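J.: Once you've had a glance at the structure underneath, I'll fire off some questions.
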Amino acid sequence: MEKEIIIFRGITKRFPPDILANDRVSFAVEKGTIHVVLGENGAGKTTLMNILYGIHQPDEGSILLRGREVRITSPRVAIELGIGMVHQHFRLIPNHRVWENVILGFPRAPRFFPAARAREMVRNLSQEYGLDVDPDAYVWQLSAGEQQRVEILKTLLRKAEILILDEPTSVLTPSDAEKLFSVLQKMKEEGRTCLFITHKFSEVREVGDRITILRKGRVVETVAKGEADFESLATMMVGEKVSLFLEKPLVTPGEPLLQVEDLWVLDDRGFPRVQGVSLTLREGEIVGVAGVVGNGQRELAEALAGLRTPLRGRVFLKGNDLTGSSPRNVREAGLGYVPEDRRMSLIGDLTVEENLILRDYQEPLFRRGTFLDWKRVREYAENVITAYRIVPPLPRLPVRLLSGGNRQRVALAQALVSRPQVLVVANPTVGLDILATGFIHRLLLSLQEEGVGILLISGDLDEILTLSDRILVLYRGTIVGERERPKSGWTEEDRREIGMMMGGVTEEHLVVGK
Amino acid sequence: MGSLISGIIGRTLAYSVPLLLATLGEIYVERAGVLNLGIEGMMSLGALVAFAVAFSFSNPWFGVVAGGMAAGGAALLHALCSITLRANQVVSGLSLGMLGMGISGVLGRNFEGKVLGATLPVYRMPFLSSLPGFEKHNVFVYLSLGLAVFLWFVLFRTRWGIVIRSVGENPAACDAMGINVSTVRYTCVVFGGVLAGLAGAYLSLGYRPSWSYGMTGGIGWLSIALTIFAFWNPLWGLVGAYLFGLLYQLSFRFQAHVSPELLNTLPYVFPLIALSFVSRLAARKRIGPPASLGVPYKRE
């Protein structure tokens with residue numbers, strides 16, 4: 001039996017019109033190892049894995065599996081070859097039960113009355129691997145971590161020897177991620193092989209026997225664990241020397257700007273998703289709201305921005321009651337909002353300049369009487385493009401043609417047109433590369449220096465710790481913990497505790513556990 | 001009184017057959033994630049072809065097969081447009097509806113007013129015939145009733161049912177598990193077309209053994225509303241079809257006392273009210289249309 005279970009040989013994949021997703025990618029994966037594929041968004045990691053799983057066909061090159069060349073023409077072929085894949089966006093049916101999802105398309109499930117046998121199969125596998133999940137639960141009722149377990153169960157049921165995990169930790173709480181790593185360890189001990197796709201090089205420390213770094217569709221290098229430190233991994237990923245260090249300005253928080261008292265907010269389905277949140281945000285302060293997606297972040301942010309009427313509670317901005325005000329009143333009172341979903345703030349088919357004035361077109365600066373003064377709009381947009389280094393620097397380019405990082409710069413600039421004193425930002429760097437992330441983080445810190453109060457709602461604990469002066473942990477709609485930044489910066493202990501609180505461990509339990 | 005009730009039940013059963021068949025078909029089509037608004041046209045085509053073939057060969061069963069095949073072929077056209085070519089399903093379905101009406105109208109001119117020699121047989125079922133209204137019926141009455149139960153069983157108690165429902169909810173998930181999404185969708189769309197054709201065949205060979213343009217009388221359109229009313233569940237489809245048929249019969253009976261124009265609107269006002277009620281209930285209980293209904297699937 002060969003040691004190298006998968007060999008990629010010169011894989012090239014183009015997407016019309018002119019995207020080169022993979023460019024002569026070659027590397028080998030050893031059996032019984034966890035192999036990390038590291039790279040920025042758009043580096044071609046997912047494309048390569050989709051080729052291995054038969055979703056895409058390579059234009060050139062070949063794949064050797066267990067020493068033999070294989071043509072993987074569809075996921076069905078991949079499954080038969082013992083390959084399983086957990087996609088970044090789960091391929092689950094929310095309206096179906098767990099067991100229905102697990103046996104979907106499984107040829108050895110009973111043809112008639114499959115429920116009983118399927119439940120049994122799910123239970124057995126869950127027990128064997130410590131993947132706790134109720135087979136009769138509906139998938140929509142499950143947390144992201146549980147949904148991932150369902151996806152892994154699907155591959156285990158089909159006896160996958162090679163497991164591809166695409167950005168598996170992006171939706172997990174730190175403690176769920178720990179659990180995932182231990183499951184992977186067990187699978188590795190059984191001789192299975194894992195391909196672990198990520199853009200977070202901090203994870204490489206936890207898993208990964210070998211690491212292949214991809215950049216712009218090409219393999220930069222394959223290194224063994226311990227051969228490269230963070231700085232060199234980051235440099236290989238980005239292609240230039242990057243400074244991971246951000247200097248946090250010393251700002252003494254001033255007067256309270258935003259005060260929220262016992263806020264209750266309903267979600268789209270009429271369930272109270274925010275349940276009694278109270279918080280204060282001061283001048284020149286960044287308050288991080290940490291939490292895993294779906295714990296009320298969106299509803300909280302939208303209630304503050306006036307997009308959602310709270311069920312109960314009060315929102316004050318500089319002492320003025322803004323509860324239930326319209327988005328426009330809220331903005332004019334001095335609160336800017338940058339939603340996570342850029343489709344909520346930008347319109348793809350409109351140009352950069354049009355998007356910039358989308359909310360504040362009524363500003364006297366942009367008007368000549370009833371009409372828009374396009375000359376001044378253009379000047380304003382050109383200034384923004386220079387200041388934010390938006391590429392390509394064309395004010396009349398439709399926003400949909402910009403990259404994610406540039407789109408986010410436009411979104412932030414748009415919220416800042418009205419010079420807000422309070423800025424609510426939700427996951428501002430999701431899907432952005434290291435350089436764009438650094439830019440956004442620096443921008444937020446410079447706003448802080450100007451005295452803007454920033455409420456940073458994020459599921460990325462690293463981001464929260466980098467930027468926040470104070471951290472609130474949001475879990476199931478309530479604040480379950482609060483931490484103040486120590487003078488010397490956040491400690492490992494803080495990180496661990498906040499991570500556990502994000503998973504629902506309350507402050508009291510943390511104390512008992514000590 | 002007893003004969004009145006059994007009369008109403010009997011007529012309801014007979015009237016509801018095409019509605020039930022078409023609804024059952026559309027439930028499967030939509031469960032697989034495709035919207036086919038062309039039922040009326042397929043049904044009309046099925047009715048004409050069934051009549052023409054049965055008339056020419058003097059055998060109603062030849063007609064049934066031909067009617068089902070004709071409508072199934074028309075559905076194949078919609079499948080090609082909406083699944084393979086990823087066209088707008090509303091436009092494609094409506095075009096199919098008009099096409100089917102038009103073609104059956106033109107080709108059917110020579111068959112207007114012709115008398116069919118052999119019609120679909122009428123049976124007495126043991127045990128069942130002792131129930132009021134069930135004395136004796138066209139073979140399709142029993143078949144459609146049994147079919148509703150059978151299709152419910154397939155959809156909710158078999159492995160294939162999971163596949164069909166999953167394709168309508170999240171085709172990408174099915175694709176990732178090695179299921180051929182197009183095959184499943186084609187099969188369901190053609191199946192839906194065949195059932196619409198059989199509904200038409202029942203009309204022209206059994207219920208009113210003759211051919212006249214417009215004899216489908218909007219049943220195809222109603223079945224689209226009934227599909228929603230039934231929460232995409234064949235058993236609720238059965239209930240809905242019979243309930244509608246009952247209302248239709250009752251509006252005949254009360255014509256002497258209430259304005260017939262007003263009564264005639266009843267069967268159509270009912271789905272309108274039912275639909276608005278259903279949509280509120282569905283939002284609360286998380287039973288809505290299949291998540292990918294009307295969305296063509298393309299691999300990313």
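J.: Give, rounded to the nearest 20 debye, the magnitude of the charge dipole that the stretch A:4-238 has about its Cα centre when Lys and Arg contribute +1 at Cβ and Asp and Glu contribute -1 at Cβ.
T.: Values: 32 positive and 31 negative charges, 172 e Å.
Computed charge dipole of the stretch A:4-238: roughly 820 debye.
J.: Next question. Mind pulling the angle between the C-alpha long axis of helix B:139-157 and the longest principal axis of chain B? Nearest 10 degrees, somewhere in 0 to 90.
T.: With rounding to tens, the tilt is 20 degrees.
J.: Still on this structure, I have one more. For the stretch B:230-300, which trypsin sites (Lys or Arg not before Pro) pass both filters: DSSP loop (anything but H, G, I, E, B) and at most 14 other C-beta atoms within 10 Å?
T.: Numbers: sites: B:ARG253, B:ARG280, B:ARG284, B:LYS285, B:ARG286, B:LYS298, B:ARG299; in loops: B:ARG286, B:LYS298, B:ARG299.
Counting only loop positions with at most 14 other Cβ atoms within 10 Å, the trypsin sites (Lys or Arg not before Pro) in the stretch B:230-300 are B:ARG286, B:LYS298, B:ARG299.
J.: Pick out, from B:SER166, B:VAL122, B:SER182, the residue whose Cα sits farthest towards the positive end of the charge dipole of the stretch B:120-192, with +1 on the Cβ of Lys and Arg and -1 on the Cβ of Asp and Glu.
T.: Value: B:VAL122.
J.: Less than 23 Å apart at the alpha-carbon level, and either on another chain or at least 8 residues along: which lysines does that give for A:LYS31?
T.: Reachable lysines: A:LYS3, A:LYS45, A:LYS154, A:LYS159, A:LYS179, A:LYS186, A:LYS188, A:LYS225.
J.: Please get the size of the charge dipole for the protein assembly as shown, origin at its Cα centre, with Cβ charges of +1 on Lys and Arg and -1 on Asp and Glu, quoted in debye to the nearest 20. Before the final figure, lay out each step's value.
T.: Working: 87 positive and 79 negative charges, 526 e Å.
It comes to approximately 2520 debye.
J.: Given a Förster distance of 60 Å, report the FRET efficiency between A:TRP140 and A:SER26 from their Cβ-Cβ distance, rounded to the nearest 0.05. Could you put the intermediate results ahead of the total?
T.: Numbers: r = 42 Å, r/R0 = 0.69.
Once the sixth-power term is evaluated, E becomes 0.90.
J.: Hey, what do the phi angles of the stretch A:10-15 turn into as Karplus ³J(HN,Hα) couplings, whole Hz, using 6.51/-1.76/1.60 and θ = phi - 60°, x for Gly and Pro?
T.: x, 6, 10, 9, 10, 10
J.: Along the Cα→Cβ direction, 7 angstrom out, place labels at A:LEU372 and A:ARG476. What is the inter-label distance in nm?
T.: Going by the 7 Å Cα→Cβ label model, 4.7 nm.
J.: Let me ask something additional. Report the normalised scattering of the protein assembly as shown as log10 I(q)/I(0) at q = 0.11 Å⁻¹, calculated by the Debye formula with identical scatterers on the alpha carbons.
T.: -1.27
J.: Given +1 on the Cβ of Lys and Arg, -1 on the Cβ of Asp and Glu, and no further charges, what dipole in debye does the stretch B:2-285 carry about its Cα centre, rounded to the nearest 20? Each step should come with its number before you reach the end.
T.: Values: 16 positive and 8 negative charges, 78 e Å.
Roughly 380 debye for the stretch B:2-285.
J.: Compactness ratio of chain B: Cα Rg over 2.2 N^0.38 Å, N = residue count? Write down the numbers at each step before the final one.
T.: Working: Rg = 19.1 Å, N = 300, 2.2 N^0.38 = 19.2 Å.
This ratio for chain B stands at 1.00.
J.: Check A:ILE5: other-chain or 5+ apart residues with amide H under 5 Å from its amide H, H built from backbone geometry?
T.: A:VAL29, A:GLU30, A:LYS31
J.: List, in order, the whole-Hz ³J(HN,Hα) value for each residue of the stretch A:415-431 obtained from phi through the Karplus relation with A = 6.51, B = -1.76, C = 1.60 and θ = phi - 60°; use x for Gly and Pro.
T.: Computed from phi, the couplings for the stretch A:415-431 are 5, 8, 4, 7, 6, x, 8, 10, 10, 9, 10, 10, 5, x, 10, 4, x Hz.
J.: Which of A:LEU165, A:PRO16, A:SER232 sits farthest toward the positive end of the charge dipole of chain A, with +1 on the Cβ of Lys and Arg and -1 on the Cβ of Asp and Glu?
T.: Going by the Cα projections, it comes out as A:PRO16.
J.: Then there is this: For B:LEU155, what is the net charge nearby, where nearby means another residue's Cβ is under 9 Å from its Cβ and Lys, Arg count +1, Asp, Glu -1?
T.: Working: positive: B:ARG31, B:ARG157, B:ARG165; negative: none.
Once positives and negatives cancel, what remains is +3.
J.: Give me the angle, in degrees from 0 to 90, between the Cα long axis of helix A:492-502 and the longest principal axis of the Cα atoms of chain A, rounded to the nearest 10.
T.: The two axes meet at around 90 degrees.
J.: Show the residues, 5+ positions off or on another chain, whose built amide H is closer than 5 Å to the amide H of A:VAL289.
T.: Those lying under 5 Å, H to H, from A:VAL289 are A:LEU456, A:ILE457, A:SER458, A:LEU472.
J.: Further question on the same structure: Can you list which of the GluC sites (Glu not before Pro) found in the stretch A:428-508 are DSSP loop residues with at most 14 other C-beta atoms within 10 Å? Present the calculation step by step, with values, prior to reporting the outcome.
T.: Details: sites: A:GLU449, A:GLU450, A:GLU463, A:GLU482, A:GLU484, A:GLU492, A:GLU493, A:GLU497, A:GLU507, A:GLU508; in loops: A:GLU450.
Of the GluC sites (Glu not before Pro), the ones in loops of the stretch A:428-508 whose Cβ has at most 14 other Cβ atoms within 10 Å are A:GLU450.
J.: Could you point to the residue in A:THR437, A:VAL473, A:MET344 farthest towards the positive end of the protein assembly as shown's charge dipole, with +1 and -1 charges on the Cβ of Lys/Arg and Asp/Glu respectively?
T.: Of the options given, the answer is A:MET344.
J.: For A:THR478, what residues show an amide H to amide H distance below 5 Å, using hydrogens built from the backbone and excluding near sequence neighbours?
T.: Placed amide hydrogens put A:GLN275 under 5 Å from A:THR478.
J.: With just the Cα atoms defining each centre, how far is the stretch A:287-338 from the stretch A:166-241? Give it in Å.
T.: Cα centroid to Cα centroid, the span is 37 Å.
J.: Rounded to the nearest 500 deg cm²/dmol, what is the calculated helix-only ellipticity per residue at 222 nm for chain A, with -39500 (n - 2.57) per DSSP H run of length n ≥ 4?
T.: Details: 16 runs with 162 residues, N = 514.
After summing the helix terms and dividing by the residues of chain A, the value is -9500 deg cm²/dmol.
J.: Roughly what angle does helix A:434-449 make with the longest principal axis of chain A, taking Cα atoms, 0 to 90 degrees, to the nearest 10?
T.: Taking Cα atoms only, the helix is inclined about 30 degrees.
J.: Return, for the Cα atoms of the stretch A:4-238, the radius of gyration and Dmax in Å, separated by a comma.
T.: For the stretch A:4-238, the Cα-based Rg and Dmax read 17.7, 56 Å.
J.: May I pose another question? Kirkwood hydrodynamic radius, the stretch B:1-151, all distinct C-alpha pairs: what's the number in Å? Walk me through the intermediate numbers first.
T.: Working: mean 1/r = 0.0587 Å⁻¹.
The answer is 17.0 Å.
J.: Local charge sum around B:MET101 (other residues, Cβ-Cβ under 14 Å, Lys/Arg +1, Asp/Glu -1)?
T.: Values: positive: B:ARG109; negative: B:GLU40.
Here the count lands on 0.
J.: With r defined as the distance between the Cβ atoms of A:GLN185 and A:THR491 and R0 fixed at 35 Å, what FRET efficiency is calculated, to the nearest 0.05? Mind dumping the intermediate values first?
T.: Details: r = 27 Å, r/R0 = 0.77.
That pair, A:GLN185 with A:THR491, gives E of 0.85.
J.: Could you pull out the trypsin sites (Lys or Arg not before Pro) across the stretch A:178-242 that fall in loop regions by DSSP (anything but H, G, I, E, B) with no more than 15 other Cβ atoms inside 10 Å? Show your work: numbers first, answer last.
T.: Numbers: sites: A:LYS179, A:LYS186, A:LYS188, A:ARG192, A:LYS200, A:ARG205, A:ARG210, A:ARG215, A:LYS216, A:ARG218, A:LYS225, A:LYS241; in loops: A:ARG192, A:LYS200, A:LYS216, A:LYS225, A:LYS241.
Sparse-neighbourhood loop trypsin sites (Lys or Arg not before Pro): A:LYS200, A:LYS216, A:LYS225, A:LYS241.
J.: Using R₀ = 51 Å, calculate the FRET efficiency as 1/(1 + (r/R₀)^6) where r is the Cβ-Cβ separation of A:THR73 and B:SER3; round to 0.05. Can you show the working numbers first?
T.: Working: r = 66 Å, r/R0 = 1.30.
Result of the calculation: an efficiency of 0.15.
J.: Just to confirm a number: summing +1 for Lys and Arg and -1 for Asp and Glu over residues other than A:ARG419 whose beta-carbon lies under 12 angstrom from that of A:ARG419, what do you get? Don't jump to the answer; show the numbers that get you there.
T.: On the way: positive: A:ARG331; negative: A:GLU332, A:ASP360, A:GLU363, A:GLU450.
Here the charged neighbours net out to -3.
Read the figures in this text as sums done on the coordinates, not as results from a lab. The structure displayed is predicted, hence computed values, not measured ones. Using ideal geometry, Cβ is built from the backbone for each residue, glycine included, and neighbour counts are taken over all protein chains shown.
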